[in-house]
Amino acid sequence: MRKKTSPAEGPDGLVYQCRLSLSSATLEMVADLIRAHLKRIGSRWRKLPPGKIALIVLAVLRHDQRLSDMAGGNDVSASTVRRWLLEVITLLAARAPRLERALKEVTRSGGEVVLIDGTLVRTRRRTGEENRPNYSGKHKVHGLLFLALTDERGNLLWISAARPGRSSEITTARHNKITTRLREAGLGALADLGFVGLDDDPDDPVIVTGRKAARGRPLTDAEKQANRLVSRERAANEHGFADLKNWRILTKVRMNAKHGTALLRALLVLTNAEISR
């Protein structure tokens, strides 16, 4: 819906409204985080109230609204909106569970298996030394690689720190000591063929994957059936990634790896606030 302006205002005065497809509970959760933060740092005044700041930040995260557009529609500067965005991302990321705690929660709730997979989040092409490491030869784009754990229903449990796009999923899993953490928690994991060889104890594996065909050795019917069973059980993991990528700011991340990690973990918290299977 567009608001008409007088000729003196010119085209820069046009403001439109759009619907933000999020629950009021999520909005209130973010607003409460901002209020608590302002109280903790002793800030007595902001240009806009916490509820309005939360709405602006969620609009940027959900619809990837340009910061200058949101600033112009709310009579603040683009740098102010950027500061609010980074502030809220930091507050939300601090609430994201770390790996050990996430696995303990699964064990406490009676779960026995988690689902693990990786995804590449596209980024803008970097300059200098960061350019080449962020290029993924598999996807032919620049990006950051993340691992995620979900439960058997597809609820997101944990997201790893960002790795350069050229990294492999199995190397990232080893960097995060996934198999060790799973054994300590007494859990198993289902994974795709990209994680074949990750488990260092084939006699007592905690990572279950399908089987790969080799040159001169095609898969047997039983192995093909086992692969289909693993793929069927892993389907819920894709639902978790789909929920995460509904936040359109992930269409192309404009942040470095450090801020990219905080962004993904913040979106995990927001996704779990919105969706629970």
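Things to note:
- The range 111-228 has equivalent-ellipsoid semi-axes of 27, 19, 13 Å, by the square roots of 5 times the alpha carbon gyration tensor eigenvalues, sorted largest first.
- Karplus-derived 3J(HN,Hα) values for the range 198-207, using 6.51 cos²θ - 1.76 cosθ + 1.60 with θ = phi - 60°, are 5, 6, 8, 9, x, 6, 9, x, 10, 9 Hz; glycine and proline are entered as x.
- Measuring nothing but protein heavy atoms, the accessible surface of the range 136-271 at 1.4 Å probe radius is 50 percent carbon and sulfur.
- GNM flexibility winner over the chain from L14, L244, L91 (Cα, springs under 10 Å): L14
- Per-residue 3J(HN,Hα) values for the range 230-237, derived from phi via the Karplus relation 6.51 cos²θ - 1.76 cosθ + 1.60 with θ = phi - 60°, read 5, 4, 5, 6, 7, 4, 4, 4 Hz in sequence order (x marks Gly and Pro).
- For the range 169-252, the spherically averaged projection of the C-alpha convex hull amounts to 7.6 nm².
- Rh (Kirkwood; distinct C-alpha pairs) - the range 49-185, Å: 17.4
- Accessible area of the chain divided out per residue, in Å², using a probe of 1.4 angstrom: 57
- Protection proxy ranking, highest mean first, for peptides 200-208, 17-25: 200-208, 17-25, where packing is the per-residue count of other beta-carbon atoms within 10 Å, averaged.
- Amide H to amide H, with H built 1.01 Å from N, T123 comes under 5 Å of H142, G143, L144, V253, counting only residues 5 or more places away or on other chains.
- With every protein chain in place, the range 21-102: carbon and sulfur % of accessible area (1.4 Å): 54
- Contact order normalised by residue count of the range 33-148, Cα under 8 Å, 6+ apart, percent: 16
The values are calculated or read from the model by the stated rules, or taken from the named source; none is laboratory data. Keep in mind that what you see is a predicted model, and the values were worked out from it rather than measured. Please note: Cβ atoms are built from the backbone with ideal geometry, for glycine as well, and neighbour counts cover all protein chains shown. Surface accessibility is based on the protein's heavy atoms, side chains included, excluding ligands, DNA and RNA. Shrake-Rupley method; radii C 1.70, N 1.55, O 1.52, S 1.80 Å.
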